[in-house]
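Step one of this worksheet: look at the structure below.
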Amino acid sequence: MKFFTYITIMLAYMLCTDCIGQVRLDDAASPRARVEVTPTWLETDADEASDDEVNTLVASVPNVEYRLNTATFLNKNARIYLVLPQSVAGLSSAGGVRAQWRSKSNAFLSGSVLLGARALVFTGKVTGALTTVIFDYTITIDSRAMMRPLEFRPYFEIDITP
Amino acid sequence: MSTCNVSIQCKLRASVLLTAALFCSVADMRHATAVTVVVANGTPQIRLRVGAAGAGISLVTFTLTATNAGNGVAINGAPNITIIAEARGPVANARNATLTVNSTAAMISGADSIPMSVITWTTNDATFPVGTFSGGAGQVLTTFQNSRRRTTAHTFRYANTQIFPAGTYNGQVTYTLSMP
């Protein structure tokens, strides 16, 4: 009996801490569910371009709008991160992909992130139940790892700060 | 008593399972995401530059005199010719690019001609072997896999083993890069 009570308490604790710790934000209210782009090859004037340069594709993805459900965190101090998942459909290896973005939303930062990593995009008080973020992405891809069209699903995580 | 204890445990298990199911449900809701960015394959691309950058046809000149014509000492042409061949496509090493040259047209001076097969070349890049114009079409100079750029400078030489009628001989060779 004590064992099951312990398990129950632990699960409740996990739920509780997850709510106030790192949480993935729901962006289901975002207007564009699927954005498709055609990349171009990196241009280089150097006669002797390296194989890395020759294999680099660049995809520009302007005006990607996220509407993040931040109702749970309203009026709380938080840090919001952009996460690029390690796993990308169509990619044979994790290396060779980098996402840069330019933020069009004042409170949000511009930056870059590699696959499997996250980058801070917001620090401050959450002021709305729905937080709108617009990014212009530039995605750099090593075409050698590209097996077919790639599907990225960047998402946001939030940490509540004291 | 024993039966009662088992019954209580079963209820607790049910409680734990319910809690776990609730946790999973909440976790799934939190992971809802809507925005997917799809990046299409890059369009395959080949580029070839032979000679000087920009438009125009580069000219290689061999100068012979009456005293050295046909003496068997090869004459270097000038200038050297830069060749840059580039083939790009998604998925490494999935396609072959081939650089060929067509040297069927001889060098002409009025009614006289010199076959292109008297011209050889050396190279400063091992991926472009040294060679001699075959005088035919589709002579393969190099083959390489995507995505790569090959750069070399060819130094051309006139063999100078025969005496031809005096004159200025002009000819043209055509390079072709393909990646089926």
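Of the residues A:SER112, A:SER92, A:LEU130, the one whose Cα sits farthest towards the positive end of the charge dipole of chain A is A:LEU130 (charges of +1 on Lys and Arg Cβ, -1 on Asp and Glu Cβ, taken about the Cα centre).
Once you reduce segment A:32-92 and segment B:40-116 to the center of their Cα atoms, the two points are 41 Å from each other. Between segment B:156-180 and segment A:108-162, the alpha-carbon centres lie 58 Å apart. Coupling constants for segment A:137-144 follow from the phi torsions by the Karplus curve (6.51 cos²θ - 1.76 cosθ + 1.60, θ = phi - 60°), and in residue order they are 8, 10, 10, 9, 10, 7, 5, 5 Hz; glycine and proline get x. Note on A:LYS76/A:THR38: beta-carbon distance plugged into 1/(1 + (r/R0)^6) with R0 of 30 Å gives a FRET efficiency of 0.15.
I need the calculated FRET efficiency for the pair A:THR132 and B:THR143, taking r as the beta carbon distance and R₀ as 56 Å, to the nearest 0.05. The value I calculate is 0.60.
Rounded to whole numbers, the Karplus 3J(HN,Hα) couplings from phi for segment B:57-67 are 10, 6, 10, 9, 10, 10, 10, 10, 10, 4, 7 Hz, using 6.51 cos²θ - 1.76 cosθ + 1.60 with θ = phi - 60°, and x at Gly and Pro. Rounded to the nearest Hz, the phi-derived 3J(HN,Hα) couplings of segment B:77-82 under the Karplus curve 6.51 cos²θ - 1.76 cosθ + 1.60 (θ = phi - 60°) are x, 9, x, 5, 10, 7, where x marks glycine and proline.
Taking 7 Å steps out from each Cα toward its Cβ at B:ASN96 and B:THR43 produces label points 2.6 nm apart. Applying 1/(1 + (r/R0)^6) with r as the Cβ-Cβ distance of B:ALA111 and A:ASP45 and R0 = 41 angstrom yields a FRET efficiency of 0.35.
Annotation: amide H of B:HIS154 within the under-5 Å range of B:ILE81, B:THR82, B:ILE83, sequence separation 5 or more or interchain, hydrogens built in the peptide plane.
Laboratory data are not the source of any read-out in this text; all were calculated from the coordinates shown. Model, not experiment: these values are computed from the prediction. Virtual Cβ from ideal backbone geometry, glycine too; neighbours counted across all protein chains shown.
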